[in-house]
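Enquirer: The structure's right below; bear with me while I get my questions together.
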Amino acid sequence: MLSVTLIDGTSTAIADTPQAPTAPKKTAATQAADIPSARVAARLSGKRVEALSERTETSTTWANKNGSLTTELAAGPLRFQDGTTDKWREVDLDLATNPDGSVQPHAHPHGLRLAGRTGSPATSLKTPPPAH
C-alpha cells in the first residue's frame, strides 16, 4: 500500500510495509450427515451443527459444541421431502395464483390447492332467509 500526503504544496510518499495476505475466513459447518459427524463438527467449530440423519418434517436435531444433543419440535411440518427430487424443501405458505384462478402455496407437503372462480355460490348466499 502506498500513501501520498501533500503538505504545504510539497508531496511526500510513504510506503507502508507490505502486509501478508490474510487467509479467507473458513465457514463453519452447519450440517453433518449423522450424529457422530455433527458432534465432531460442532466441537471443532464451537457452534451447533444439525444432524441430517435425524431430520423429520417436524423436528431438527442439533449437536452442541459440548457434545450434547438438542431436538427442536414443531406442531406442524416445517419441511417435507419433495417427491420429484427426494430432497427436503421448506414449507412456503406464500400463495400464488394459477392461470385457472386457483390459488396454492409455493411449497406445501400435501399439494394444497384452493379452488378459483369455479362453481356456483352456496344456496345460502343466493337467497336471504325468510323474514318472520
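Enquirer: Let me have the relative contact order for region 28-75, percent, based on Cα pairs under 8 Å that are six or more residues apart.
Expert: 32
Enquirer: Okay, next question. Arranged from highest to lowest average of other beta-carbon atoms within 10 Å per residue, in what order do the peptides 79-92, 55-68 appear?
Expert: Highest-to-lowest ranking by the protection proxy: 55-68, 79-92.
Enquirer: Test of understanding: what is the full-extension gain from VAL91 to LEU44, defined as 0.36 nm times their sequence separation minus their Cα-Cα distance?
Expert: 13.8 nm
Readers should treat all values here as calculations from the given coordinates under stated rules, not as data from a laboratory. Just so it is clear, the structure is predicted and the values come from calculations on it, not from any experiment. Cβ atoms come from the backbone with ideal geometry, glycine included; neighbour counts cover every protein chain shown.
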